[in-house]
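> What follows is a single structure, and I will ask about it in a moment.
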Amino acid sequence: MVHWSGHNSSVILILTKLYDYNLGSITESSLWRSTDYGTTYEKLNDKVGLKTILSYLYVCPTNKRKIMLLTDPEIESSLLISSDEGATYQKYRLNFYIQSLLFHPKQEDWILAYSQDQKLYSSAEFGRRWQLIQEGVVPNRFYWSVMGSNKEPDLVHLEARTVDGHSQYLTCRMQNCTEANRNKPFPGYIDPDSLIVQDDYVFVQLTSGGRPHYYVSYRRNAFAQMKLPKYALPKDMHVISTDENQVFAAVQEWNQNDTYNLYISDTRGVYFTLALENVQSSRGPEGNIMIDLYEVAGIKGMFLANKKIDNQVKTFITYNKGRDWRLLQAPDTDLRGDPVHCLLPYCSLHLHLKVSENPYTSGIIASRDTAPSIIVASGNIGSELSDSDISMFVSSDAGNTWRQIFEEEHSVLYLDQGGVLVAMKHTSLPIRHLWLSFDEGRSWSKYSFTSIPLFVDGVLGEPGEETLIMTVFGHFSHRSEWQLVKVDYKSIFDRRCAEEDYRPWQLHSQGEACIMGAKRIYKKRKSERKCMQGKYAGAMESEPCVCTEADFDCDYGYERHSNGQCLPAFWFNPSSLSKDCSLGQSYLNSTGYRKVVSNNCTDGVREQYTAKPQKCPGKAPRGLRIVTADGKLTAEQGHNVTLMVQLEEGDVQRTLIQVDFGDGIAVSYVNLSSMEDGIKHVYHNVGIFRVTVQVDNSLGSDSAVLYLHVTSPVRHELRQVEWVTRNKESRLTFCFWAGPLARIIPFFSFSSWPSPCKGLSSSLSFVLSQLRRENKRTFIEVLTENLLISHHPTVASPEEFRSLRLSFSPNLDDYNPDIPEWRRDISRVIKKSLVEATGIPAQHILVAVLPGLPTAAELFVLPYQDPTGENKQSAEDLEQISELLIHKLNQNSVHFELKPGVQILVHAAHLTAAPLVDLTPTHSGSAMLMLLSVVFVGLAVFVIYKFKRKIPGINVYAQMQNEKAREMVSRVSPPESRAHIPQTELRRPGQLLDEKVECQLIGSISIVAENQSTKEIPTYVNV
C-alpha cells in the first residue's frame, strides 16, 4: 500500500504486509516513510510498535497531513493517529473492530466507522473518541450529509435493519442519534441494500406486486416515484452519475439479460428519457455489475459507451449527454504508416471501457480533467469490439480523430498536466524500459528506468499531476523483496512554459463548435515546444451559442423519430400532464422537448421548444381507483392499512372526496392533495369490508369500490384475472398463484345487484335480462383464504358483428411483456392504424389483443347507429366493411411504428368474417352474440401459451389439492403438472423474470344474456 501524502508534498508512506499462506493470515507488517520524493526511506516500526501488525492506512481527504493506521483485528483492536504526515503516532485502544471508515467531505476531524458486527460509530476528534450511532446498519449504506442539500453538516444518512429483518432509511445527528431524534424521510420500509445518497439526490427501492419501484428525493424534499417509460418494467437499476443536477441511470429492462439501457433525467430526477439502448454489461471480480460506459474527464457531457447490436459490441461517443451518439472514426493509418481501410458504419474503432480498480495501474482507458482533449485507450479496428488483436490508441482532439500508438496493451500515466505521457507495457515478464511522449502521443521515445529488469506491480505519481516525478514498484524476482524506483524527468526540461508556448484549441464534434450550447477554447502547449507546464491552464474562453433543435432532447413520454421530431410514445397521453391541475391554476404544457441539462445556449428556438404555462382545464372526475399502498387487498386486524385514492382526471384541488371504510366509519376530504400520503385506517374486526370512495366536483362525479379482507397475516397472493367468452354465454376465468389454500370463495357483483353474490363452487351461471345495448359497469372480487382481488370490466352487447384474427410482424413479440396494460395500449395503436389505412369510422372497429405469445389480436367489425337512431348499418354494410379491411390487410397497408425504427406490419391470420347469429326459434329476430369467438381464442391462447410464457412479478406458485383441481378444470383441457415451491425458495424480482410460471384454471362463471351478446373484456378497447 503506497500513499503520496499530498499536493506539493515530498512525503511518501508505504505499508507492506507479509501474508502466510500456510496460516492464512498476516504475520508481519512494516511502515516506511520518505521525505524526498522516494529517494530514501525510513522504517517506522519502532514508532508504531515493533510487534504491532498493521492492516490498513487511511489519509484524511481534507488534510493530507493527518494519517490513521488500523491494526490487524485478529491481534488487537487499535488505531494509530498522526497529525504530521506520519512522522509520529499516538495509539488508541478500541472496544469494537473497524471494518471501514468514512471521512467527512468538509470537516477533517469527523469520521464514521463501521464495525464488523454491523454497528455504526462516529468520532468528532479524528478517532480519539467514538460514540455509537446505530446498530444493524447495512454495509456500505451510510453517508455523510451533502453540503448545500442538508442544513446540518453533521447529519448522517443510513439504512438500518429492524428486529424483524426489514430495512429502513434513517437520518440523525452524529452526536445525538437517539430513538427520539431519528427521522424516517421515506415512509415505511425499503428494499434491503437499496439506499443511495449522492450529491443532491437520495434513492431508495421498494418492491411491490413482484416489481421493483424506485423513488428519489431531490435536495431532501419529499420522495417521488421515478418515472421511466411505461413498459420499461425494470429488473435492475444503477445510478451512474448525478453530476450537474441530473441523474444518469443504467436500467435493465424485463427483456434484457446482459445489457442495460441508459436513461437521463430532468433536474429533479423524476422523469427519465432514453439516452442509449443495449449497453454492454459484465460482472466484476466480486460479482458487481459493470456497465460499459465511460465519462470523459474534463469535457462536460462527453461519454463513451459500448452498445450491443445484433450480437456485436460497438463503441459510440456522445458530446451532449446522450442526445446524439455516433461511431468512432478509425485512424487513417496504422502504426507503420500504412493506410487503414475502414469505412463507417461497417467498420470503426472500438474501445475497452473498463476502469482499473487498482489505484496503482492506469486501466485500459484514461483521461484527466487537467488534459481535457487527451484520451488514451486500448481497443481494435473492425466491425465489433474484440478481446484479441488489441492495440493502444490516443486522441488529442477529444475523440474526433485517433492514432494507433502501440500494438500491445500499455499502462499510461499523465504527468505535467498531460504535457508528458508515460507508457509502460502490460506484461507478466520483467521490463526495464518505458516510453515517453511530449506531444500528446504523436511521437514516443524509449527510456530505461532500471538496469535490472523489474516485475512491475504498479506506478504512483504525485497527486495533482503537476510534477514530473513518479515511483515504480515491483520485484526483481518472485522471491525477492519489494523494490521501488524513483523516476524524475525534471532534468529533461530546462525551463517553464511561457505564454508564447501555447496555442488556442477549440473543442468540437466533427467540426461542430457548439458543444452543450457553448463554444469553448482551451490553451494547449505547442507540440514543438519542450517546456514544463506546471499548473493547469484551463479553458481560455467560453461563448454561448444560439439555441437550435440539437440543444433539446425529447421530453418524458416522447420519442425522437427519423425526421428528428419528438412525438408521443404509443403509451403516453400528453393531456395527462394536466390531471393534477386545478381550475384557475396553470401548468407547464410540454412541447415534446426539454433543454439538455447544463446546456448553456441562449435565444434561438429556446422559446419555441420550452414548455408553456397553460390554464388548467376544468374536468369531471374520471378513472377513480382505490388501492392499498402495498398493492394487496388484505389487512391485518388491529394494524394500520394505508389506502391510496388515485384519479386519472379531475380537478384535484376542488374535489370533495368521501371515503366509507365499511365498518361504520367514514371520512371526507376537500381535495386529493391532502391524501398524497394515503389514508390510514385500523380495522378492529375480522371480515370482508366494502370500502367505497365517492368524488364530486362541479362538473361531475365518480365512484370506486374495494373489498378488503381483514384476516390474520397474509400468506397467499392472487395474481391474475382473465376474461373468456364462449358461444352464447360470457365466462370469467380466474387464475392465481398461491401456496396451499384452505378454501376458495369467488365473489361476483353486477351493477344490477345491490350486494355481492358469494359462490362456494367453482362456477356460477345466471341470466342478465336487463343487459341490452348499453354498457354495464361490473366488478368482480375473487377471494382466496386471505386475499382479494378486484376487476372492473365493461360489458356491452352488439346484435351483429364480424370477427377477424390478426397477426403481426415477429419483432412485436420482442416488445410484448404480456401484461394487460400493454395489450390495452397496443390495441388502441392497432385500431388507429386500421382507421387511418381504411377510412372506416372508429365506431365500427374493436380490437382485442390476446394474452400470450406470439402476439395475436381479434378484430371486430361492429354495427353503429348514430344518436338520432338513423343510418343503422345492415348485415350487408358490415360485410362490405369486412371486405375492405381484409383487402387492406392483404396488401400490407396496415402498419404502425411501435417506437422509432421499429415498424410493425398487421396481417389477417384467420378470416372469420361471417356473422355469428343465433337462428334458433327461441331467439328469432335478435342476435345472441357474446363475442364468443374472441373468448374461445383467448381461452386457447391462455391454455397453450400461458404455461410457456415468462411472467414478471410472480413470486408464489399455485399448490392445490388434486381433487379440487380436477373439479375446477373440468370445462377445459386437463391440467398440466405444477411446480411445488416452498416459501423459503422465493426468488428476487430479477430472478422472477426468468422463471416459467404454470397457471391452473381455478374457477369460472357463466353469464347468459337474453337477446344480446357480449364481447371479450380484458383487452377491450373502444376509443
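> Using the basic label-point model (7 angstrom from Cα toward the beta carbon), what is the residue 183 to residue 19 distance in nanometres?
Using points 7 Å along Cα→Cβ, the separation is 4.3 nm.
> Determine, for each peptide in 216-226, 180-190, the mean count of other beta carbons within 10 angstrom over its residues, then list the peptides with the highest first.
216-226, 180-190
> Residue by residue through the range 829-837, which ³J(HN,Hα) values in whole Hz follow from phi under the Karplus form 6.51 cos²θ - 1.76 cosθ + 1.60 (θ = phi - 60°), with glycine and proline marked x?
5, 4, 4, 4, 5, 5, 5, 5, 7
> Still on this structure, I have one more. Can you classify the range 439-574 as rounded, prolate or oblate using the Cα gyration tensor, where a ≥ b ≥ c are the square roots of its eigenvalues, rounded means a/c under 1.5, and otherwise it's prolate if a/b beats b/c and oblate if not?
Working: a/c = 3.85, a/b = 1.84, b/c = 2.10.
Oblate, because a/c is 1.5 or more while a/b does not exceed b/c.
> Label the range 622-711 by shape, choosing from rounded, prolate and oblate, from the square roots a ≥ b ≥ c of the eigenvalues of the Cα gyration tensor; if a/c is under 1.5 it is rounded, and otherwise prolate applies when a/b is larger than b/c, oblate when it is not.
Prolate, because a/c is 1.5 or more and a/b exceeds b/c.
> For the range 254-305, what % of the accessible area comes from carbon and sulfur atoms, probe 1.4 Å?
Carbon plus sulfur share of accessible area: 42 percent.
> May I ask you to evaluate 6.51 cos²θ - 1.76 cosθ + 1.60, the Karplus curve with θ = phi - 60°, for each residue of the range 115-126 and list the ³J(HN,Hα) values in order in whole Hz, giving x for glycine and proline?
For the range 115-126, the Karplus-derived couplings read 8, 5, 9, 6, 10, 10, 10, 10, 9, 9, 10, 6 Hz, x marking Gly and Pro.
> How large a share of the accessible area of the range 622-711, in percent, is made up of carbon and sulfur atoms when the probe is 1.4 Å and the other protein chains stay in place?
45
> Given a 1.4 angstrom probe, what's the average accessible area per residue across the range 499-544, in square angstrom? Working shown, then result.
Values: 2540 Å² over 46 residues.
On a per-residue basis, the range 499-544 sits at 55 Å².
> What's the extension gain from residue 407 to residue 96 if we count 0.36 nm per residue and subtract their Cα-Cα distance?
Details: separation 311, 0.36 × 311 = 111.96 nm, distance 5.18 nm.
Fully extending the segment from residue 407 to residue 96 adds 106.8 nm.
> Which net charge results when you count Lys and Arg as +1 and Asp and Glu as -1 among the other residues whose beta-carbon is under 15 Å from that of residue 527?
Taking every Cβ under 15 Å from that of residue 527, the sum is +2.
> Amide H neighbours of residue 269 under 5 Å, counting only residues 5+ apart in sequence or on other chains, H built in-plane at 1.01 Å?
For residue 269, the qualifying residues are 247.
> Let me ask something additional. Given a 1.4 Å probe and every protein chain left where it sits, what share in percent of the accessible area of the range 90-233 is carbon and sulfur? Don't skip to the end; give the middle numbers.
On the way: 3070 of 6810 Å².
Reported share for carbon and sulfur atoms: 45 percent.
> Which trypsin sites (Lys or Arg not before Pro) from the range 1-78 combine a DSSP loop assignment with at most 14 other Cβ atoms within 10 Å? If you can, show how the numbers build up before the last one.
Values: sites: 17, 33, 43, 47, 51, 64, 65, 66; in loops: 51, 64, 65, 66.
For trypsin sites (Lys or Arg not before Pro) across the range 1-78 that sit outside H, G, I, E and B with at most 14 neighbouring Cβ atoms in 10 Å, the list reads 51.
> Quick check: residue separation of residue 586 and residue 530 times 0.36 nm, minus the Cα distance between them. What number comes out in nm?
13.9 nm
> Could I ask something else about it? With θ taken as phi - 60° and the coefficients 6.51, -1.76 and 1.60, list the Karplus ³J(HN,Hα) couplings across the range 240-250 in order, rounded to whole Hz; mark glycine and proline as x.
In residue order, the calculated couplings are 8, 8, 10, 5, 6, 6, 7, 9, 9, 10, 9 Hz.
> Could you give the C-alpha radius of gyration of the range 549-616 expressed as a fraction of 2.2 N^0.38 Å, taking N as the number of residues it contains?
That works out to 1.19 for the range 549-616.
> Using only Cα atoms, figure out Rg for the range 319-434 and give it as a multiple of 2.2 N^0.38 Å.
1.08
> Here is a follow-up. Rounded to the nearest whole Å³, what is the per residue volume of the convex hull around the Cα atoms of the range 499-544?
82
> Rolling a 1.4 angstrom probe over the protein chains, ignoring ligands and nucleic acids, what is the accessible area of residue 699 in square angstrom, nearest 10?
Around 100 Å² of this residue is reachable by solvent.
> Amide H of residue 855: which non-local residues (sequence gap of 5 or more, or other chain) have their own amide H closer than 5 Å, using H built in the peptide plane?
813
> Once fully extended, how much extra length lies between residue 244 and residue 433, figured as 0.36 nm per residue of separation less the alpha-carbon to alpha-carbon distance?
Length difference between fully extended and current span is 63.8 nm.
The values are calculated or read from the model by the stated rules, or taken from the named source; none is laboratory data. Computed from a prediction, not measured in an experiment: that's the story for all the values here. Please note: Cβ atoms are built from the backbone with ideal geometry, for glycine as well, and neighbour counts cover all protein chains shown. Remember, those area values only see protein heavy atoms, side chains included, never the ligands or the DNA or RNA. Shrake-Rupley method; radii C 1.70, N 1.55, O 1.52, S 1.80 Å.
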